[in-house]
Amino acid sequence: MKKIVAFVILTCCTLNVLAQRKPLKIGVKAGVTFPKINTSNEAIASDGGGISESKIYTSFYFGATVDVPISKAILFQPGFSVTGKGAKASYVYNLPNTATSGKIRLTYLEIPLNVLVNIPAGKGNVFVGLGPYVAYALAGTIKYTFTRSDEVYPNKQNINFGSDQDFKRLDVGGNALVGYKLVSGINIHADCSASAINISSSNDTYLKAKNLVYSIGVGFYL
């Protein structure tokens with residue numbers, strides 16, 4: 001968390017310097033996410049069990065951005081968002097006729113730092129962007145159904161975060177986005193982000209997990 005706070009302070013100081021040169025635009029955005037957790041080997045851990053399949057499910061995000069003009073066509077756009085990540089997952093165990101399936105729901109505070117290029121098109125601009133992000137896990141749950149032979153047991157539990165728990169809190173990666181902005185400031189956009197680090201806290205060194213998130217949304221300037 002200290003790293004996130006230091007990162008935010010550095011970003012705010014940078015924006016303060018840039019704001020003295022050119023006016024800033026503040027925007028808000030919200031939309032739907034389609035997250036998945038990619039695993040290194042659709043994982044079989046040392047105890048004989050693990051994730052056998054990971055699929056996309058639907059969540060949401062909302063947040064804000066700050067546009068800092070660099071030139072007429074290029075701008076720097078930091079921001080923050082509360083973003084839903086996770087996956088639909090199936091698990092296998094080293095036991096006969098035993099399996100678990102359910103949803104892993106992760107909620108992150110995410111700070112992207114994108115550079116956008118605006119291209120005039122019709123009554124607005126097409127924009128494309130690229131940049132890194134850093135995210136901090138705020139909460140998480142696993143809702144699952146445990147099946148053994150013909151018996152089914154539904155359950156739900158909170159995810160524990162930490163170096164020796166279920167998942168690490170910190171996620172760092174990159175994202176790319178594309179969208180269309182009207183002269184009024186209303187825009188539609190699509191984004192894809194992917195972890196660059198392992199978010200799993202498993203003791204199995206070969207067992208790795210990374211977030212992959214697709215999203216679509218709308219935004220406007222205040």
Review point. Quick one: would you say GLU110 is in contact with a Phe, Trp or Tyr (Cβ under 6 Å, 6 or more places away or on another chain), among the acidic types (Asp, Glu) and at negative phi?
Key: yes
Practice item. Have a look at GLY129, GLY124, GLY84 and point out the one that is out of contact with any helix residue (DSSP H, G or I) (no Cβ under 8 Å at 6 or more places or on another chain), over 26 Å from SER195 (Cα atoms) and not hydrophobic (A, V, I, L, M, F, W, C). Key: GLY124
Point to revise | Residue check for ILE216: outside any strand (DSSP E or B), within 18 Å of the chain's Cα centre (by Cα) and not hydroxyl-bearing (Ser, Thr, Tyr) | key: no
Study note, to complete from the structure: Given the conditions (1) surrounded by 13 or more Cβ atoms within 10 Å (Cβ to Cβ); (2) without any contact (Cβ under 8 Å) to a residue 40 or more places away in the chain, every one holds for ASN175 apart from (2)
Study note, to complete from the structure: Wholly inside the stretch 73-166, strands (runs of 3 or more DSSP E) that include 3 or more residues that are among the hydrophobic types (A, V, I, L, M, F, W, C) and more than 20 Å from LYS29 (Cα to Cα) are 74-92, 98-121, 124-148
Study note, to complete from the structure: Counted residues in the stretch 77-103 being at pLDDT 90 or above and crowded, with 19+ Cβ neighbours inside 10 Å come to 9
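The values are calculated or read from the model by the stated rules, or taken from the named source; none is laboratory data. Since we're looking at a predicted model, the values are computed, not measured. Cβ coordinates were reconstructed from backbone atoms using ideal geometry, including for glycine residues, and neighbour counts include every protein chain displayed.
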